[in-house]
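All remarks here apply to the structure that follows.
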Amino acid sequence: MTTTDLCQWTATELAAAIRRRDVSAREVVTAHLEQIERVNPAVNAIVTLVPERALEQAAEADARLAAGADVGPLHGLPVAHKDLHDTAGIRTTYGSPLFADRVPDRDHLVVERLRRAGAITVGKTNVPELGMGSHTVNPVFGATRNPYDPFRSAGGSSGGAGAALACGMQPLADGSDTGGSLRNPASFNNVVGLRPSPGRVPSWPDKAPWGQLSVKGPMARTVTDVALALSVLAGPDSRSPLALETPGSAFAGPLEGDVRGLRVAWSPDLGGTVPVDAEVRDALRPAVDVFASLGCEVEETCPDLSGADEVFLVQRAWQMELAYGSLLDEHRHRMATDVVWNIEEGRKLTGPALGRAQMLQAALFHRIREFFESYDLLLLPVSQVAPFDIRLPYPTSVDGTPMETYLDWMRSAYLISVTGCPALSVPAGFTPAGLPVGLQIVGPHRQDRAVLDAGYAFERATRTGERRPAVASAGRGGT
């Protein structure tokens, strides 16, 4: 067994092997650090590395296991955290020159929970500037390249996490999702990303702890590993007022993957309201047949998402102004154009505009609730395009329709965000050029387990996620 082989094991396999002492935490961490050294120069996914600290923690993990101590479910697994999530003693930049030298003195809650479960921090993963958009590029570290084509985008904002997973540089990742930032990079990198129900994964610290647009969640190479990570990340916390009471252990058991008899709605373009490139539609078309072959009743239809656009754009602008508005007046010249635009959109908002968005979302909630009384799942594209030219700030056209802002091309993801439903991105196919395409599986409110079960069934039937990029096994800097 080579170290590269070890880096392709699933998180579940690695965790079990470490607990059995078939392999040590130090061996696992060393193998992943070597993989980072070999592969990361080609993709630029991991941007801050702490190898000495990681190896010290791995040695301590092995000592605890040898002493017979109780260990967590992620004991000895290396993880690089999203560079939007604070890590005590490790630089956290948010991809912005304004925070390029910032070293927090406390962990974000998701980092705290991963470490408590035994995960070992090896570094940070790249993000867009201030996490804005689904294309990972910033003036601090540059762009993250797609492992399947280095001239294409790795997506975002958890783009570094997605690329690192695809390349075997880490077995699990944490991320966040407002308009698709867990789902889009999962789709672009042929891995799995879950946008959990709001409150499923608590968030702290948080400037808007009552907000439900942005959520934290897991990414991995398999649905089982995503469920493993969710079992650690989920559960109540007194610092988060919206945290759901269901303990993380509810996601720890084996997934069933039995979808027989489910009523499945298939919507390739949300009833013609969302343009989708032909190569994405073609790659996803077989997914309908897969669910039918698994015993589902599949019908092409979609819920009424009237008002969802307005809800997202208003809440997004409000959130951006709240988070970064205080920086705008002093540092405008050091902030990206799209960042400035979105903050200024937030400053234009009025009380009535915010109130109208609340009423629209309330009506949307009930329409979605009623829709899922007739259907168990909704299937649709994660992203409207395949991974695009890395030199572009964002796709300017989708299926011949112009995209006016950096948000427009993400509607297939962000319209789902404002429904409050759990949504999973699972590998589903490739374009003729060999670019990954993900399927989005959406479930009823708070039915995260049902979404994971459906994704697991689809994953087993297709095995698309097993197609790894050549760079993952190439030499240093190779493609």
Hey, can you tell me all the residues within region 225-243 that are touching a residue at least 40 places away in the same chain (Cβ under 8 Å) and polar (S, T, N, Q)? SER231, SER240
Exactly one of these conditions fails for GLU129: (1) in contact with a His (Cβ under 9 Å, 6 or more places away or on another chain); (2) under 18 Å from ARG391 (Cα atoms). Give me its number. (1)
Filter result for the condition that a residue is crowded, with 24+ Cβ neighbours inside 10 Å and over 18 Å from the mean Cα position of the chain (by Cα), over ALA472, ALA433, ALA457, ALA461: ALA457
Tell me, please, whether a residue that is open to solvent by 90 Å² or more (accessible area, probe 1.4 Å), in contact (Cβ under 8 Å) with a residue 60 or more places away in the chain, assigned to a helix (DSSP H, G or I) and closer than 30 Å to LEU392 by Cα can be found in region 328-342. yes
Part of a helix (DSSP H, G or I) and surrounded by fewer than 15 Cβ atoms within 10 Å (Cβ to Cβ): is that true of GLY355 in this structure? yes
When region 75-87 is checked residue by residue, the ones that are within 21 Å of MET132 (Cα to Cα), open to solvent by less than 10 Å² (accessible area, probe 1.4 Å) and assigned to a loop (DSSP other than H, G, I, E, B) are ASP83, HIS85
Going through region 1-46 in order, the residues found to be of a type in the set (Asp, Glu) and farther than 16 Å from ARG64 by Cα are ASP5, GLU13, GLU34, GLU37
Breaking point among (1) open to solvent by 40 Å² or more (accessible area, probe 1.4 Å); (2) part of a loop (DSSP other than H, G, I, E, B), for GLY72: (1)
If you go through ALA63, ALA31, ALA16, ALA58, the only one that is part of a helix (DSSP H, G or I), modelled with pLDDT of 95 or more, open to solvent by 20 Å² or more (accessible area, probe 1.4 Å) and in contact with an Asp or Glu (Cβ under 9 Å, 6 or more places away or on another chain) is ALA16
So THR48 clears everything in (1) polar (S, T, N, Q); (2) in a helix (DSSP H, G or I); (3) open to solvent by 10 Å² or more (accessible area, probe 1.4 Å) except one condition, right? Which one? (2)
Being of a type outside the set (Ser, Thr, Tyr), over 19 Å from the mean Cα position of the chain (by Cα) and more than 30 Å from TRP9 (Cβ to Cβ) is the requirement here; does VAL259 meet it? no
Could you tell me which of the residues TYR406, TYR456, TYR414 is at pLDDT 95 or above and in contact with a Pro (Cβ under 8 Å, 6 or more places away or on another chain)? TYR406
Can you tell me how many residues within region 183-211 are surrounded by fewer than 24 Cβ atoms within 10 Å (Cβ to Cβ), modelled with pLDDT of 95 or more and aliphatic (A, V, I, L, M)? 0
Residues to consider are THR246, THR222, THR178; find the one that is within 27 Å of GLU373 (Cβ to Cβ) and of a type in the set (S, T, N, Q). THR246
Could you check how many residues of region 1-13 are of a type in the set (S, T, N, Q) and outside any helix (DSSP H, G or I)? 3
Confirm whether ARG391 is over 30 Å from LEU244 (Cα atoms) and either among the basic types (Lys, Arg) or open to solvent by 20 Å² or more (accessible area, probe 1.4 Å) (or both). yes
Quick test of your reading of the structure: ALA25 fulfils all but one of (1) under 17 Å from GLN170 (Cβ atoms); (2) buried (at least 19 other Cβ atoms within 10 Å of the Cβ); (3) among the aliphatic types (A, V, I, L, M); (4) under 24 Å from the mean Cα position of the chain (by Cα). Name the failing condition by number. (4)
Among ARG239, ARG285, ARG260, which is the only one that is part of a helix (DSSP H, G or I) and surrounded by fewer than 20 Cβ atoms within 10 Å (Cβ to Cβ)? ARG285
Can you find, within region 288-317, the residue that is most open to solvent (accessible area, probe 1.4 Å) among those that are in contact with a strand residue (DSSP E or B) (Cβ under 6 Å, 6 or more places away or on another chain) and part of a loop (DSSP other than H, G, I, E, B)? THR301
Name the residues in region 173-221 that are more than 12 Å from the chain's Cα centre (by Cα) and under 21 Å from LEU74 (Cβ atoms), would you? ARG200, VAL201, PRO202, SER203, TRP204
Can you find even one residue in region 212-233 that is in a strand (DSSP E or B) and open to solvent by 30 Å² or more (accessible area, probe 1.4 Å)? yes
Matching option when the condition is open to solvent by less than 10 Å² (accessible area, probe 1.4 Å) and within 24 Å of the chain's Cα centre (by Cα), among ALA413, ALA428: ALA413
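The values are calculated or read from the model by the stated rules, or taken from the named source; none is laboratory data. Not measured: the values here are computed from a predicted model. As a convention, Cβ positions derive from the backbone with ideal geometry for all residues, glycine included, and neighbour counts pool all protein chains shown. Ligands, DNA and RNA are stripped out before the accessible areas are found, and what is left, the full protein with its side chains, is counted by its heavy atoms. Shrake-Rupley method; radii C 1.70, N 1.55, O 1.52, S 1.80 Å.
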